[in-house]
Amino acid sequence: MRKLTSSKIVLASHNKGKLDEIQALLEPFGIECVSAGDLGLEEPEETETTFAGNARLKASFAAKASGLPALSDDSGISVDALGGAPGVYTADWAETPNGRDFSLAMSMVWKKLQSNNTLPPYKAKFNCVLCLSWPDGHDEIFNGIAAGQVIWPMRGKHGFGFDPMFQPDGYALTFAEMLPAEKQPLTHRARAFAKLVANCIE
């Protein structure tokens, strides 16, 4: 595993929610995180069919364009009763002509579950793949999973994405009902990040 020696990295995302989470995770290590959007970098089209493939594509693009190490996150929710959907296409389910609408995406998930005539609990998991890429093309990949179930109606005002309908195993609250300090250690992103820290930072 290659160690990260730079005190500044690029987050290969324009998603403010992800930037806030990852900045909070990096802060204790004295690493500054700047987003691809802040640097005026475009987002490459996500043409891969796996979380790892898309994470590698985004991190490599940002690292080569910025000349700095870049960290990307490709994540999504997989619902067992939907054959793992939306999975790698989670963000696509939220796309509208006016931008992403995750309330619409969550409604679609719930409607599909009801049309399948399957019974609760509706087991699901959040998946996260982090890719740390260097300008020379080297990269490291780390996976994280948060297991739970999807519920309805949506609950909570915190978080982002599918958080209002995801209830992690062992908890009565959804991710969106938890304060950030309570939610953060339980997330798929935090679990992938712990592996990254152990291998590339500490």
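The values are calculated or read from the model by the stated rules, or taken from the named source; none is laboratory data. Note that the structure is a prediction, hence the values are computed from the model and not measured. We place every Cβ from the backbone using ideal geometry, glycine too, and count neighbours over all the protein chains shown. SASA here: full protein model, heavy atoms, side chains in, ligands and nucleic acids out. Shrake-Rupley method; radii C 1.70, N 1.55, O 1.52, S 1.80 Å.
Some notes on this structure:
- Residue in the stretch 181-193 that is open to solvent by less than 60 Å² (accessible area, probe 1.4 Å), in contact with a Gly (Cβ under 9 Å, 6 or more places away or on another chain), part of a strand (DSSP E or B) and at pLDDT 95 or above present: no
- Taking the stretch 112-124 as the range and being touching a Gly at 6+ places or on another chain (Cβ under 7 Å) and open to solvent by 50 Å² or more (accessible area, probe 1.4 Å) as the test, no residue passes.
- Among all positions in the stretch 159-180, there is no residue which is within 21 Å of residue 55 (Cα to Cα) and touching a His at 6+ places or on another chain (Cβ under 6 Å).
- Leading residue by the ranking (farthest from the chain's Cα centre (by Cα)) among those in the stretch 159-169 that are open to solvent by 20 Å² or more (accessible area, probe 1.4 Å) and over 18 Å from residue 100 (Cβ atoms): 169
- Residue ranges of strands (runs of 3 or more DSSP E) in the stretch 1-111 with at least 1 members of a type in the set (Val, Ile, Thr) and surrounded by fewer than 21 Cβ atoms within 10 Å (Cβ to Cβ): 32-35
- Whichever residue in the stretch 148-158 is without any contact (Cβ under 8 Å) to a residue 24 or more places away in the chain and not small (Gly, Ala, Ser) and, among such residues, is surrounded by the most Cβ atoms within 10 Å (Cβ to Cβ): 155
- Taken together, the residues in the stretch 108-146 that are on the phi > 0 side of the Ramachandran plot and either under 19 Å from the mean Cα position of the chain (by Cα) or touching a residue at least 60 places away in the same chain (Cβ under 8 Å) (or both) amount to 1.
- Selected residue (criterion: nearest to residue 71 (Cα to Cα)) from residues of the stretch 3-25 that are among the charged types (D, E, K, R) and over 16 Å from the mean Cα position of the chain (by Cα): 8
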